[in-house]
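> Quick one: the structure is below, questions incoming.
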Amino acid sequence: MYCTLFAKLPITILRPLALLLFIAAFSPLSICGQEIPENITRAAHCNCRALKKTTHTIHSKIDEGSGLVAWNGRLWTHNDSGRQTLFAIDTLSGKILEEFMLPVRNVDWEEITQDRNFLYIGNFGNNGGLREQLQIYRISKEKLLQHEVVLDSISFEWPKTDDFGSLKKINFDCEAMIVVNDTILLFTKEFKKRRCSRVFRLPAKPTHHIAEYVTTLKTRTLITGATYLSENRRVVLCGYSMFLSPRMVTFNLSGKGIGTITNAKQIRVRGYFRQNEGVASFNGTDCYLISEATNLTLWRNKPRISKVTISP
């Protein structure tokens, strides 16, 4: 957990750090025209206008909400450790409507996404870089509507990857995924050197796979969540800067699979010191963000669902 790194710091370090974070949170930002992917046209300029935003505090049962998906008129989420529970949340109030206990251990659930038939939960968090065998759980939507839980498992591992000229095995941290047709796209979260997100793919079939490298997105943002709107092939990523300034990246896909990325934009969400961990949308413009609780000496936040409106 990113915030827990600060919890152990002495007060003499936390005070100036908090001031630095405050300044960074309110400093001006050029939100588009930055480097985003290696293989796309540079994004058109955008106005640095505030996004419409509303927030709801959510139940403390979801204090480490990590991943969000919009389905059946509800938002669905889970914690990233501990509870083995899938929560259905009301979009207007943020209240828990239903809970489903899943028959699998929550080692580090970092993302939830969907296709027409399944919800997918990514058990692939890897902050320490020690996990080599990772899982994605597929949950039947049809059975959930009947208040039953039926799931199977996709296992995978990372391939050897070019890392500044050398080919080596990296156990990536990953907190975001989408499903495009029959393919799962995984977006890495990288703190060091690059602050990019490498994209990998694997088949959405319940067997073992070795992920295949696709491309690198130069987001300069730590990517923590993703959602995909198949109607207009729009992808929305969420995350934050090294100073916990919330960010979003949006783009459209053209061609087969990830194909060509177009209409890319990077957006700063108003707020500060928010660890947004998941994003969901029913229409691609009204987006919901889930942020986990923060319990630091100088900064405390309750877990929240925020709704922001972005341009198409």
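> Go through (1) at pLDDT 95 or above; (2) part of a strand (DSSP E or B) for L167 and report which single condition fails.
Single failed check for L167: (1).
> Filter region 275-312 down to the residues that are in a loop (DSSP other than H, G, I, E, B) and closer than 12 Å to I58 by Cβ, then identify the one that is farthest from the chain's Cα centre (by Cα). Please lay out each step first, then the result.
Residues of region 275-312 in a loop (DSSP other than H, G, I, E, B): 275, 282-285, 292-293, 296-299, 302-303, 310-312.
Narrowing further to those that are closer than 12 Å to I58 by Cβ: 292-293, 302-303.
Working: E292: 12, A293: 16, K302: 19, P303: 16 Å.
Only one residue fits best here, namely K302.
> Among the residues of region 258-274, write down those that are outside any strand (DSSP E or B) and touching a Ser or Thr at 6+ places or on another chain (Cβ under 6 Å). Give the steps one after another, and end with the answer.
The initial filter retains those residues of region 258-274 that are outside any strand (DSSP E or B), namely 258, 269-274.
Scanning region 258-274 gives a single hit, R274.
> Among the listed residues L237, L229, which satisfies the condition of being modelled with pLDDT of 85 or more and surrounded by fewer than 20 Cβ atoms within 10 Å (Cβ to Cβ)? If you could, list the steps in order and put the result at the bottom.
Working: L237 fails: surrounded by fewer than 20 Cβ atoms within 10 Å (Cβ to Cβ).
Of L237, L229, the one residue that is modelled with pLDDT of 85 or more and surrounded by fewer than 20 Cβ atoms within 10 Å (Cβ to Cβ) is L229.
> How many residues are within 21 Å of L68 (Cα to Cα) and open to solvent by 30 Å² or more (accessible area, probe 1.4 Å) if we restrict to region 240-251?
Just the residues of region 240-251 that are within 21 Å of L68 (Cα to Cα), to begin with: 240-241, 244-251.
Cutting the leftovers down to open to solvent by 30 Å² or more (accessible area, probe 1.4 Å) gives us 247.
Qualifying residue count for the region: 1.
> Of all residues being out of contact with any Pro (no Cβ under 9 Å at 6 or more places or on another chain) and of a type in the set (G, A, S) in region 101-156, which is surrounded by the most Cβ atoms within 10 Å (Cβ to Cβ)? Just the residue, please.
Only one residue fits best here, namely G122.
> Suppose we keep only residues that are surrounded by 17 or more Cβ atoms within 10 Å (Cβ to Cβ) and within 23 Å of L130 (Cα to Cα) within region 75-100. Which one would you say is farthest from the chain's Cα centre (by Cα)?
R83
> Which numbered condition in (1) open to solvent by less than 10 Å² (accessible area, probe 1.4 Å); (2) modelled with pLDDT under 95 is the only one that A44 fails?
Just one mismatch for A44, condition (1).
> Also: Determine, yes or no, whether L186 is more than 17 Å from A264 (Cα to Cα), touching a His at 6+ places or on another chain (Cβ under 9 Å) and either among the small types (G, A, S) or touching a residue at least 24 places away in the same chain (Cβ under 8 Å) (or both). Don't jump to the end; show me each part of the working.
Numbers: more than 17 Å from A264 (Cα to Cα): yes; touching a His at 6+ places or on another chain (Cβ under 9 Å): no; either among the small types (G, A, S) or touching a residue at least 24 places away in the same chain (Cβ under 8 Å) (or both): yes.
No, not satisfied.
The values are calculated or read from the model by the stated rules, or taken from the named source; none is laboratory data. Bear in mind that the values here come from a model prediction, so they are computed numbers and not experimental data. Positions of Cβ are generated from backbone atoms using ideal geometry, with glycine treated the same way; all protein chains shown enter the neighbour counts. Please note that ligands, DNA and RNA were not included when accessible areas were found on the heavy atoms of the full protein model with its side chains. Shrake-Rupley method; radii C 1.70, N 1.55, O 1.52, S 1.80 Å.
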